[in-house]
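The values are calculated or read from the model by the stated rules, or taken from the named source; none is laboratory data. This is a predicted model, so every value here is computed, not measured. Methodologically, a virtual Cβ is constructed for each residue, glycine included, from the backbone with ideal geometry; neighbour enumeration extends over all protein chains shown. Areas reflect the complete protein model, heavy atoms only, side chains present, ligands, DNA and RNA absent. Shrake-Rupley method; radii C 1.70, N 1.55, O 1.52, S 1.80 Å.
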Amino acid sequence: MALLSGKASLWGAFLVFWLLAPTIHAEYCSQPGAGEVVSSKRVIDGDTLDLADGRRVRLIGINAPEMGRDGQPSEPYAQAARRELLRLVSGSQLRMIIGAQPQDRYGRTLGHLFDARGANIEARLLMRGLGFTIGLPPNTGLLECHLQHEQHARQRGLGVWQYSPVRRAAQVGPGFQLVRGRIERVSRSREHVWLDMDGPLTLRLPRDMVGVDQLLRATGRELEVRGWVVDRGRARQGQKRYMLPQAEARLMFLQ
(Lines give C-alpha, C1' and ligand atoms only; values in the text may rest on other atoms or scores of the structure.)
Protein backbone atom coordinates (compact mmCIF):
# COMPACT_ATOMS: atom_id res chain seq x y z
CA MET A 1 0.00 0.00 0.00
CA ALA A 2 1.15 3.56 -0.41
CA LEU A 3 0.47 7.15 0.38
CA LEU A 4 1.62 10.13 -1.63
CA SER A 5 1.91 13.16 0.61
CA GLY A 6 2.47 16.74 -0.39
CA LYS A 7 3.77 17.84 3.02
CA ALA A 8 6.78 20.11 2.69
CA SER A 9 9.95 19.13 4.53
CA LEU A 10 13.68 19.66 4.62
CA TRP A 11 14.04 17.22 1.75
CA GLY A 12 11.00 18.12 -0.35
CA ALA A 13 7.71 16.29 -0.69
CA PHE A 14 7.54 12.90 0.97
CA LEU A 15 6.92 9.84 -1.17
CA VAL A 16 6.17 7.03 1.28
CA PHE A 17 5.49 3.54 -0.05
CA TRP A 18 3.01 2.32 2.52
CA LEU A 19 -0.17 3.51 4.21
CA LEU A 20 0.72 5.37 7.37
CA ALA A 21 -1.15 4.19 10.47
CA PRO A 22 -2.44 6.83 12.92
CA THR A 23 0.50 8.44 14.71
CA ILE A 24 1.02 10.51 17.81
CA HIS A 25 2.60 13.88 17.05
CA ALA A 26 4.29 14.65 20.36
CA GLU A 27 7.80 14.98 21.66
CA TYR A 28 9.44 11.57 21.74
CA CYS A 29 6.26 9.96 20.30
CA SER A 30 5.01 9.55 23.87
CA GLN A 31 2.47 6.91 24.87
CA PRO A 32 2.24 6.97 28.70
CA GLY A 33 1.06 3.71 30.23
CA ALA A 34 0.91 1.81 26.95
CA GLY A 35 2.27 -1.70 26.51
CA GLU A 36 3.62 -4.38 28.84
CA VAL A 37 6.13 -3.76 31.62
CA VAL A 38 9.59 -5.15 30.77
CA SER A 39 13.16 -4.73 31.96
CA SER A 40 16.47 -4.78 30.13
CA LYS A 41 19.15 -7.39 30.79
CA ARG A 42 21.78 -6.62 28.14
CA VAL A 43 22.18 -4.11 25.32
CA ILE A 44 23.62 -5.65 22.16
CA ASP A 45 23.91 -2.56 19.97
CA GLY A 46 22.04 0.65 19.24
CA ASP A 47 18.83 -1.06 18.15
CA THR A 48 18.89 -4.50 19.82
CA LEU A 49 18.73 -5.66 23.44
CA ASP A 50 17.93 -8.67 25.57
CA LEU A 51 15.12 -8.50 28.12
CA ALA A 52 15.19 -10.06 31.57
CA ASP A 53 12.51 -12.54 30.45
CA GLY A 54 14.84 -13.95 27.77
CA ARG A 55 13.42 -12.24 24.70
CA ARG A 56 15.76 -10.50 22.29
CA VAL A 57 14.15 -7.29 20.99
CA ARG A 58 14.86 -5.53 17.70
CA LEU A 59 13.57 -1.97 18.07
CA ILE A 60 11.01 -0.95 15.46
CA GLY A 61 11.63 2.18 13.42
CA ILE A 62 15.37 2.65 13.74
CA ASN A 63 18.48 1.25 12.10
CA ALA A 64 21.50 2.08 14.23
CA PRO A 65 25.08 1.99 12.87
CA GLU A 66 26.58 -1.50 12.88
CA MET A 67 28.95 -2.66 15.60
CA GLY A 68 32.23 -4.14 14.41
CA ARG A 69 32.35 -7.93 14.12
CA ASP A 70 34.96 -10.48 13.04
CA GLY A 71 37.76 -7.98 13.31
CA GLN A 72 35.94 -5.28 11.36
CA PRO A 73 35.70 -1.77 12.85
CA SER A 74 32.39 -0.40 14.09
CA GLU A 75 30.58 2.09 11.89
CA PRO A 76 30.68 5.74 13.02
CA TYR A 77 28.42 6.35 16.03
CA ALA A 78 27.74 2.63 16.58
CA GLN A 79 29.38 2.70 20.01
CA ALA A 80 27.65 5.99 20.86
CA ALA A 81 24.27 4.53 19.91
CA ARG A 82 24.86 1.46 22.09
CA ARG A 83 25.95 3.60 25.04
CA GLU A 84 22.93 5.86 24.72
CA LEU A 85 20.49 2.93 24.47
CA LEU A 86 22.14 1.43 27.56
CA ARG A 87 21.68 4.71 29.40
CA LEU A 88 18.03 5.03 28.35
CA VAL A 89 17.02 1.51 29.43
CA SER A 90 19.05 1.26 32.66
CA GLY A 91 17.46 1.84 36.06
CA SER A 92 14.08 2.74 34.62
CA GLN A 93 10.78 0.93 34.26
CA LEU A 94 10.23 0.18 30.62
CA ARG A 95 7.14 -0.62 28.61
CA MET A 96 7.01 -2.40 25.26
CA ILE A 97 4.44 -2.45 22.50
CA ILE A 98 4.96 -5.41 20.17
CA GLY A 99 4.53 -4.74 16.46
CA ALA A 100 1.71 -5.96 14.27
CA GLN A 101 4.39 -8.25 12.87
CA PRO A 102 5.67 -9.60 16.21
CA GLN A 103 8.93 -11.24 15.10
CA ASP A 104 11.55 -10.94 12.39
CA ARG A 105 13.09 -13.79 10.42
CA TYR A 106 15.73 -14.26 13.13
CA GLY A 107 13.11 -14.86 15.82
CA ARG A 108 13.68 -11.51 17.52
CA THR A 109 10.71 -9.71 19.03
CA LEU A 110 9.88 -6.54 17.12
CA GLY A 111 8.81 -3.85 19.54
CA HIS A 112 8.65 -0.19 20.50
CA LEU A 113 10.18 0.65 23.89
CA PHE A 114 9.00 3.46 26.17
CA ASP A 115 10.49 4.82 29.37
CA ALA A 116 8.66 5.41 32.68
CA ARG A 117 7.24 8.72 31.41
CA GLY A 118 6.02 7.17 28.18
CA ALA A 119 8.71 8.64 25.91
CA ASN A 120 9.62 6.41 22.98
CA ILE A 121 13.21 5.14 23.16
CA GLU A 122 13.66 4.97 19.37
CA ALA A 123 12.55 8.58 18.99
CA ARG A 124 15.09 9.71 21.58
CA LEU A 125 17.88 7.92 19.71
CA LEU A 126 16.78 9.35 16.36
CA MET A 127 16.62 12.87 17.77
CA ARG A 128 20.29 12.62 18.72
CA GLY A 129 21.28 11.33 15.29
CA LEU A 130 22.12 7.84 16.53
CA GLY A 131 20.34 5.96 13.76
CA PHE A 132 18.17 6.20 10.67
CA THR A 133 14.40 5.97 10.53
CA ILE A 134 13.09 2.86 8.82
CA GLY A 135 9.56 1.56 8.38
CA LEU A 136 8.60 -1.92 7.25
CA PRO A 137 4.87 -2.68 6.93
CA PRO A 138 2.88 -3.49 8.92
CA ASN A 139 5.02 -2.01 11.73
CA THR A 140 4.68 1.65 10.73
CA GLY A 141 2.51 3.13 13.49
CA LEU A 142 5.18 5.60 14.66
CA LEU A 143 6.84 6.16 11.31
CA GLU A 144 5.78 9.75 10.74
CA CYS A 145 6.63 10.71 14.33
CA HIS A 146 10.03 9.05 14.03
CA LEU A 147 10.67 11.01 10.84
CA GLN A 148 10.03 14.25 12.69
CA HIS A 149 12.65 13.37 15.28
CA GLU A 150 15.13 12.30 12.61
CA GLN A 151 14.57 15.61 10.84
CA HIS A 152 15.58 17.44 14.03
CA ALA A 153 18.95 15.64 13.98
CA ARG A 154 19.40 16.02 10.24
CA GLN A 155 18.78 19.76 10.27
CA ARG A 156 21.34 20.22 13.05
CA GLY A 157 23.97 17.84 11.72
CA LEU A 158 23.89 15.59 14.79
CA GLY A 159 25.43 12.13 14.98
CA VAL A 160 25.19 10.21 11.70
CA TRP A 161 24.10 13.44 10.01
CA GLN A 162 27.31 15.33 10.91
CA TYR A 163 28.54 14.40 7.43
CA SER A 164 25.94 13.52 4.81
CA PRO A 165 25.54 9.71 4.61
CA VAL A 166 23.65 9.99 1.32
CA ARG A 167 25.42 8.47 -1.70
CA ARG A 168 24.80 9.22 -5.32
CA ALA A 169 23.23 6.36 -7.26
CA ALA A 170 26.47 5.83 -9.20
CA GLN A 171 28.25 4.97 -5.92
CA VAL A 172 25.74 2.46 -4.58
CA GLY A 173 26.83 -0.85 -3.07
CA PRO A 174 25.27 -3.71 -1.10
CA GLY A 175 23.91 -3.30 2.42
CA PHE A 176 22.01 -0.49 4.09
CA GLN A 177 22.27 2.62 1.93
CA LEU A 178 20.89 6.12 1.64
CA VAL A 179 20.93 6.86 -2.06
CA ARG A 180 20.02 9.90 -4.09
CA GLY A 181 19.66 9.89 -7.85
CA ARG A 182 17.53 10.59 -10.87
CA ILE A 183 14.89 8.20 -12.21
CA GLU A 184 16.27 7.19 -15.58
CA ARG A 185 13.61 4.78 -16.77
CA VAL A 186 10.30 3.34 -15.57
CA SER A 187 9.15 -0.06 -16.81
CA ARG A 188 6.50 -2.63 -15.93
CA SER A 189 6.31 -6.40 -15.73
CA ARG A 190 3.39 -8.63 -14.82
CA GLU A 191 3.80 -8.09 -11.07
CA HIS A 192 6.18 -5.14 -10.63
CA VAL A 193 7.06 -1.62 -11.59
CA TRP A 194 10.81 -1.01 -11.97
CA LEU A 195 12.48 2.35 -11.41
CA ASP A 196 15.99 2.41 -12.91
CA MET A 197 18.20 5.07 -11.34
CA ASP A 198 21.11 6.92 -12.98
CA GLY A 199 23.54 4.38 -11.57
CA PRO A 200 23.67 0.58 -11.10
CA LEU A 201 20.48 0.55 -8.98
CA THR A 202 16.89 -0.38 -9.71
CA LEU A 203 13.88 -0.20 -7.39
CA ARG A 204 11.26 -2.95 -7.57
CA LEU A 205 7.69 -2.07 -6.58
CA PRO A 206 4.44 -4.08 -6.76
CA ARG A 207 2.14 -3.06 -9.64
CA ASP A 208 -0.92 -3.01 -7.41
CA MET A 209 0.64 -0.53 -4.98
CA VAL A 210 -1.56 2.49 -4.32
CA GLY A 211 -0.13 5.57 -6.03
CA VAL A 212 2.14 3.64 -8.39
CA ASP A 213 0.47 5.29 -11.42
CA GLN A 214 2.04 8.60 -10.39
CA LEU A 215 5.47 6.98 -10.48
CA LEU A 216 4.95 5.92 -14.08
CA ARG A 217 5.27 9.60 -14.95
CA ALA A 218 8.28 10.28 -12.69
CA THR A 219 11.09 9.82 -15.23
CA GLY A 220 13.71 12.52 -14.73
CA ARG A 221 12.76 13.30 -11.12
CA GLU A 222 15.26 13.26 -8.27
CA LEU A 223 14.69 10.61 -5.63
CA GLU A 224 16.20 9.80 -2.24
CA VAL A 225 15.76 6.22 -1.07
CA ARG A 226 17.03 4.21 1.86
CA GLY A 227 17.07 0.51 2.55
CA TRP A 228 19.03 -2.72 2.21
CA VAL A 229 20.43 -2.97 -1.30
CA VAL A 230 20.81 -6.45 -2.82
CA ASP A 231 23.73 -7.34 -5.08
CA ARG A 232 22.35 -9.46 -7.91
CA GLY A 233 25.84 -10.34 -9.13
CA ARG A 234 26.79 -10.09 -12.77
CA ALA A 235 24.06 -8.05 -14.42
CA ARG A 236 22.43 -9.33 -17.58
CA GLN A 237 22.26 -7.04 -20.59
CA GLY A 238 20.04 -4.06 -19.80
CA GLN A 239 19.74 -5.04 -16.12
CA LYS A 240 21.04 -3.07 -13.15
CA ARG A 241 23.42 -4.94 -10.85
CA TYR A 242 21.89 -3.69 -7.58
CA MET A 243 18.25 -3.88 -6.54
CA LEU A 244 16.27 -2.39 -3.70
CA PRO A 245 13.11 -4.51 -3.31
CA GLN A 246 9.92 -2.74 -2.24
CA ALA A 247 9.89 -4.77 0.97
CA GLU A 248 13.24 -3.17 1.76
CA ALA A 249 12.48 0.33 0.41
CA ARG A 250 11.95 2.07 3.70
CA LEU A 251 11.50 5.68 2.62
CA MET A 252 11.66 7.80 -0.45
CA PHE A 253 11.67 11.53 -1.01
CA LEU A 254 11.14 13.50 -4.18
CA GLN A 255 12.53 16.94 -4.80
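Residues of segment 144-156 include at least one that is exposed (fewer than 14 other Cβ atoms within 10 Å of the Cβ) and either assigned by the TED database to the domain that holds ARG217 or at pLDDT 90 or above (or both).
Answer yes or no as to whether LEU94 is under 14 Å from LEU49 (Cα atoms), in contact with a Ser or Thr (Cβ under 8 Å, 6 or more places away or on another chain) and in the same structural domain as ILE44 (by the TED database). So LEU94 passes the test. Based on this model, can you work out whether ARG241 counts as within 21 Å of the chain's Cα centre (by Cα), charged (D, E, K, R) and open to solvent by 40 Å² or more (accessible area, probe 1.4 Å)? The answer is no for ARG241.
Condition check for ARG95 on (1) modelled with pLDDT under 95; (2) touching a strand residue (DSSP E or B) at 6+ places or on another chain (Cβ under 6 Å); (3) open to solvent by 60 Å² or more (accessible area, probe 1.4 Å): one failure, at (1). Reported count of residues in segment 183-197, each being touching a strand residue (DSSP E or B) at 6+ places or on another chain (Cβ under 8 Å) and surrounded by fewer than 16 Cβ atoms within 10 Å (Cβ to Cβ), is 4. For segment 157-181: of the residues being β-branched (Val, Ile, Thr) and open to solvent by less than 30 Å² (accessible area, probe 1.4 Å), which is nearest to GLN31 (Cα to Cα)? Among those residues, the one meeting the criterion is VAL160. In segment 219-235, the residue that is modelled with the highest pLDDT out of those that are over 13 Å from the mean Cα position of the chain (by Cα) and on the phi > 0 side of the Ramachandran plot is GLY220.
Any residue that is of a type in the set (A, V, I, L, M, F, W, C), open to solvent by 40 Å² or more (accessible area, probe 1.4 Å) and without any contact (Cβ under 8 Å) to a residue 24 or more places away in the chain - is there at least one of those in segment 74-91? Even if it seems obvious, please write down each step before you answer.
Narrowing segment 74-91 to residues of a type in the set (A, V, I, L, M, F, W, C): 78, 80-81, 85-86, 88-89.
Applying the additional criterion that residues be open to solvent by 40 Å² or more (accessible area, probe 1.4 Å) yields 86.
Applying the additional criterion that residues be without any contact (Cβ under 8 Å) to a residue 24 or more places away in the chain yields none.
Checked against the condition, which is being of a type in the set (A, V, I, L, M, F, W, C), open to solvent by 40 Å² or more (accessible area, probe 1.4 Å) and without any contact (Cβ under 8 Å) to a residue 24 or more places away in the chain, segment 74-91 yields no hits at all.
Go through segment 65-92 and report how many residues are over 19 Å from GLY118 (Cβ atoms) and out of contact with any strand residue (DSSP E or B) (no Cβ under 6 Å at 6 or more places or on another chain). Can you show your working first?
Looking only at segment 65-92, we keep the residues that are over 19 Å from GLY118 (Cβ atoms), and these are 65-83, 86.
Keeping just the survivors that are out of contact with any strand residue (DSSP E or B) (no Cβ under 6 Å at 6 or more places or on another chain) gives 65-66, 68-81, 83.
Residues flagged as over 19 Å from GLY118 (Cβ atoms) and out of contact with any strand residue (DSSP E or B) (no Cβ under 6 Å at 6 or more places or on another chain) within segment 65-92 amount to 17.
Of all residues in segment 103-127, count the ones that are over 19 Å from ILE44 (Cβ atoms), open to solvent by 20 Å² or more (accessible area, probe 1.4 Å) and modelled with pLDDT of 95 or more. Total meeting the criteria: 1. Within segment 207-222, the residues that satisfy the criterion of being buried (at least 16 other Cβ atoms within 10 Å of the Cβ) and either out of contact with any strand residue (DSSP E or B) (no Cβ under 6 Å at 6 or more places or on another chain) or closer than 18 Å to ARG241 by Cβ (or both) are MET209, LEU215.
When segment 31-57 is filtered for residues that are within 22 Å of the chain's Cα centre (by Cα) and open to solvent by 30 Å² or more (accessible area, probe 1.4 Å), the ones remaining, listed by number, are GLN31, ILE44, ARG56. Being farther than 22 Å from PRO165 by Cα and under 17 Å from the mean Cα position of the chain (by Cα): is that true of GLN101 here? Judged against the criteria, GLN101 is a match.
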